[in-house]
Structures are given as structure tokens and as C-alpha cells.
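The values are calculated or read from the model by the stated rules, or taken from the named source; none is laboratory data. These figures come from a predicted structure and were not determined experimentally. Positions of Cβ are backbone-derived with ideal geometry, glycine not excepted, and every protein chain shown enters the neighbour counts.
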Amino acid sequence: MQAYSASQGGPSVPKPRLTTIPLPPYAEALNKYTARLLAMNAKAQPPSFSDYVKSGGTEQFPLVDPGLTPTQAANLGLVTPQGKPQKWVSPQATSMTPEQRLYLGQRQLAGGTPAGAGTIERAAQIQNILNNLAKRSNLREGQINRGTRLIGKEKSILGLS
């Protein structure tokens, strides 16, 4: 009898707490885009099969694209968080361009990859230093020499020299 009452969740068993886990930003952005897409095209009528056959396969479903908000585009990864275009890589590519490799290094640095973790991150660090030097108006000779050395290092890391 004791085993039966214990299996029925006696007084010592706490009640489960239900919590709602928030959606990740990309899922929320996609949900909102889909909701707008469906709302804008609620009355759109797809062509019938016979109309499609009569048109020779050219008949299309008249969908209106609602577009993405800037926040949704960033959350989906279509643009960077700063609103700049992503450096896309073709699926057929066997290697990345130097610009894409630098972009990857910048993203890894921003994501918290420890300094010196890899050559791509080092190239991104060098690029950051060079950008900061380029913003200054009065450079000393030592800073100019450092910039020249860093340009050479960056080219060798990216395989440009």
C-alpha cells in the first residue's frame, strides 16, 4: 500500500514550475515576417492546376513580399548588427577571399574569441590597429613604421604576398 501512495505523488513531491523559454532572435524575426507575409496575402488566390497547365507553366502565385525590418534582417543574419552587408561565400567556393577571411576574423573577435587564438583573428586585430592609425591626422615616424610592418604581416597572413 505504501508503494501505491508514493507513486501517486504524495505530499513530498513538489509541483512542477512551468516557464516559457524566449525564442532566439532569429526565430522571433522569422515568425514576425511569416505573420506579416500571411496577413498581406490572405486573400491571394493561387492559380488552379488547369490555369497553370494552360499557361504552359508560367502562371505564378501572386505573393506580396512585406520585407524585413532592419532589426529582423540583423537577427536573421542577412546584415551585420551594424547594418552592413554580409560577406557571403558561395557554396561552391573552395576558399574564401581575403576580405571574407578578414570579416570572419572580425566576427570571431567580436564573439569573444581569445586574442591569438588563430591567424584569422590576428589579421582582424591588425586590421583594427591599421584602421585606428588611419583615423589619426598626425602620425609619428614610429607609428608610420609600425603601420608599414603591420600591413606586411597582414598580407602574409592572408596570403597576399
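Considering only residues that are of a type in the set (S, T, Y) and not in a loop (DSSP other than H, G, I, E, B), which ones fall in segment 56-76?
Going residue by residue through segment 56-76, those that are of a type in the set (S, T, Y) are 58, 69, 71.
The answer is T71, and nothing else.
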Working only within segment 134-161, note down all residues that are in a helix (DSSP H, G or I) and of a type in the set (A, V, I, L, M). A134, I144, L150, I151, I157, L158
Complete set of residues in segment 63-73 that are surrounded by 11 or more Cβ atoms within 10 Å (Cβ to Cβ) and either over 30 Å from P46 (Cβ atoms) or polar (S, T, N, Q) (or both): T69, T71, Q72
Contacts under 8 angstrom Cβ, first residue in segment 121-135 being under 18 Å from Q108 (Cα atoms), partner outside any helix (DSSP H, G or I) and of a type in the set (V, I, T), 6 or more apart: E121/T113
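Every residue, every condition in (1) modelled with pLDDT of 90 or more; (2) assigned by TED's automatic domain parsing to the domain that holds R107; (3) surrounded by 11 or more Cβ atoms within 10 Å (Cβ to Cβ), yes or no:
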residue	(1), (2), (3)
A27	yes, no, yes
K32	yes, no, yes
A39	yes, no, no
Y52	no, no, yes
F61	no, no, no
N75	no, no, yes
L78	no, no, yes
Can you confirm whether segment 107-127 contains a residue that is surrounded by 13 or more Cβ atoms within 10 Å (Cβ to Cβ), modelled with pLDDT of 80 or more, farther than 25 Å from A29 by Cβ and of a type in the set (S, T, N, Q)? yes
